[in-house]
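The values are calculated or read from the model by the stated rules, or taken from the named source; none is laboratory data. Nothing here was measured: the structure is a model prediction, and the numbers come from that model. Note that we place each Cβ from the backbone using ideal geometry, even for glycine, and neighbour counts take in every protein chain shown. The area values use the complete protein model at the heavy-atom level, side chains included, leaving out ligands, DNA and RNA. Shrake-Rupley method; radii C 1.70, N 1.55, O 1.52, S 1.80 Å.
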Amino acid sequence: MRRFLIIMLCFLAAMSSNAQFSYFNSEAFWQRLQLCPPAVVPVVSAEDTVLIVATNRALHKNELRYLPEERDGSQIRYFFVFSAGGMWKVLPVASLQQAVGLMPQPDRDWVIYTEGMGKFFTSDVDRGMNMAAQYGVNIILMDYPSITAHKKRLGNYFFARKNATIAYKDFLPVLDTIEQLKVKGALGTGHLSLFFHSMGNIVLQQIIKTRNINRYNDQVWADNLILNAACIPQRRHASLLNKVLFSRRIFINYNPGDFTLGGAYLMTKRYQLGKQVRRPLCSAASYVNFNKIAGEGHSNFLNLHDRKDIPGPARQYYQKILHGEAVNFQSTDFESTTYRHIGYDLLP
């Protein structure tokens with residue numbers, strides 16, 4: 001029992017560190033994200049980093065923290081985020097189509113990005129802008145409340161799980177529109193990938209479990225579906241993911257040493273797909289083991305504030321899959337893993 005409590009305390013401390021609570025929820029950081037009047041016309045160049053956000057947060061436009069840790073429950077809001085005057089301008093737009101029309105390079109590859117636990121609106125935008133800049137892709141960020149300043153560490157774990165579990169209802173029309181825009185060619189000529197990280201995978205899980213996946217399976221419109229460090233039960237994951245027909249490829253990135261997901265196992269007593277994957281496997285998926293380059297790491301895809309840079313091989317791997325490309329697992333970057341012989345090790 002004592003060992004369990006020690007592990008739990010370490011896990012909760014790690015969650016707090018990962019959230020970088022005080023930094024991203026500080027007045028100083030919120031002041032960097034300036035909410036613009038809808039009439040503002042953004043001036044952006046092809047070299048500028050920009051971001052589209054679809055969020056289910058309530059809007060308190062007269063407050064400093066104008067998109068708080070609160071689900072609206074009745075609508076999705078869209079924002080076009082761009083840099084100007086040393087700040088990030090957050091421009092409300094009427095629709096996803098309008099936001100796409102503001103993108104300076106619509107023919108870039110697109111990533112639909114859903115994050116996990118510990119994100120205020122500020123920290124989610126920070127991640128989205130970092131992914132756009134580091135990988136040279138257009139991002140549509142699906143943002144939901146996954147931490148609150150009004151709860152302690154354990155309460156935030158359950159707060160994040162609850163919000164991730166219901167967020168799929170809000171994001172269904174977003175994905176509907178993305179599919180329509182892609183099929184019509186309104187997203188340009190680039191590839192399109194969907195990237196779910198950690199608890200963000202609960203959104204995908206719920207879409208499949210509620211059979212809403214069928215609305216997207218009438219044709220292949222995505223190149224890569226990426227389940228990254230998935231904080232969902234691994235049990236029956238094959239039967240779940242075998243229902244996905246809209247993507248050309250599926251990647252499951254896991255790490256048997258993932259410390260964060262080890263804590264999730266202790267909380268749920270369920271093996272996590274991103275850590276303790278077991279057979280049977282999804283026939284359409286490629287499984288990539290990060291343990292040899294990540295150790296106990298959980299987030300290995302972005303260079304972030306106050307964090308050690310990700311390993312070069314991880315950067316190269318994500319550069320491929322986020323751009324909708326296939327991966328050559330016969331190259332010297334990989335070898336067959338000895339972990340239950342499930343997929344490939346990404347090598348240092």
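A count restricted to region 217-258 and to residues that are of a type in the set (Ser, Thr, Tyr) and surrounded by 20 or more Cβ atoms within 10 Å (Cβ to Cβ) stands at 2. When residue 22 is tested against (1) open to solvent by 80 Å² or more (accessible area, probe 1.4 Å); (2) under 17 Å from residue 150 (Cβ atoms); (3) modelled with pLDDT of 95 or more, just one condition goes unmet, and that condition is (3). A count restricted to region 214-251 and to residues that are closer than 14 Å to residue 277 by Cβ, out of contact with any helix residue (DSSP H, G or I) (no Cβ under 9 Å at 6 or more places or on another chain) and in a loop (DSSP other than H, G, I, E, B) stands at 3.
I'm checking my understanding of the structure. Among residues of region 304-348 that are within 26 Å of residue 130 (Cβ to Cβ), part of a loop (DSSP other than H, G, I, E, B) and among the basic types (Lys, Arg), which one is nearest to the chain's Cα centre (by Cα)? Checked region 304-348; the qualifying residue nearest to the chain's Cα centre (by Cα) is 307.
Being under 24 Å from residue 153 (Cα atoms), part of a loop (DSSP other than H, G, I, E, B) and in contact with a strand residue (DSSP E or B) (Cβ under 7 Å, 6 or more places away or on another chain) is the filter here; which residues of region 22-57 pass it? Don't jump to the end; show me each part of the working.
As a first pass, look at region 22-57 and keep what is under 24 Å from residue 153 (Cα atoms): 22-30, 55-57.
Next cut, part of a loop (DSSP other than H, G, I, E, B) only: 25-26, 56.
Listed by number, the list holds a single entry, 56.
Restricting attention to region 75-98, the residues that are open to solvent by 10 Å² or more (accessible area, probe 1.4 Å), under 27 Å from residue 176 (Cα atoms) and touching a helix residue (DSSP H, G or I) at 6+ places or on another chain (Cβ under 9 Å) total 6. Just wondering, is there one or more residues in region 191-206 that are of a type in the set (Gly, Ala, Ser), touching a residue at least 40 places away in the same chain (Cβ under 8 Å) and closer than 24 Å to residue 75 by Cβ? Checking region 191-206: at least one residue is of a type in the set (Gly, Ala, Ser), touching a residue at least 40 places away in the same chain (Cβ under 8 Å) and closer than 24 Å to residue 75 by Cβ.
Residue by residue, here is whether (1) under 20 Å from residue 200 (Cα atoms); (2) assigned to a helix (DSSP H, G or I) holds:
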{"residue": "91", "(1), (2)": "no, no"}
{"residue": "98", "(1), (2)": "no, yes"}
{"residue": "107", "(1), (2)": "no, no"}
{"residue": "111", "(1), (2)": "yes, no"}
{"residue": "142", "(1), (2)": "yes, no"}
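Pairs are defined by a Cβ separation below 6 Å, a sequence spacing of at least 6 or placement on different chains, a first member in region 165-178 that is at positive phi, and a second member that is hydroxyl-bearing (Ser, Thr, Tyr) and modelled with pLDDT under 95; no pair meets this definition. If I filter region 103-113 for residues that are open to solvent by less than 10 Å² (accessible area, probe 1.4 Å), closer than 23 Å to residue 70 by Cβ, modelled with pLDDT of 95 or more and not aromatic (Phe, Trp, Tyr), do I get at least one hit? The answer is no; no qualifying residue exists.
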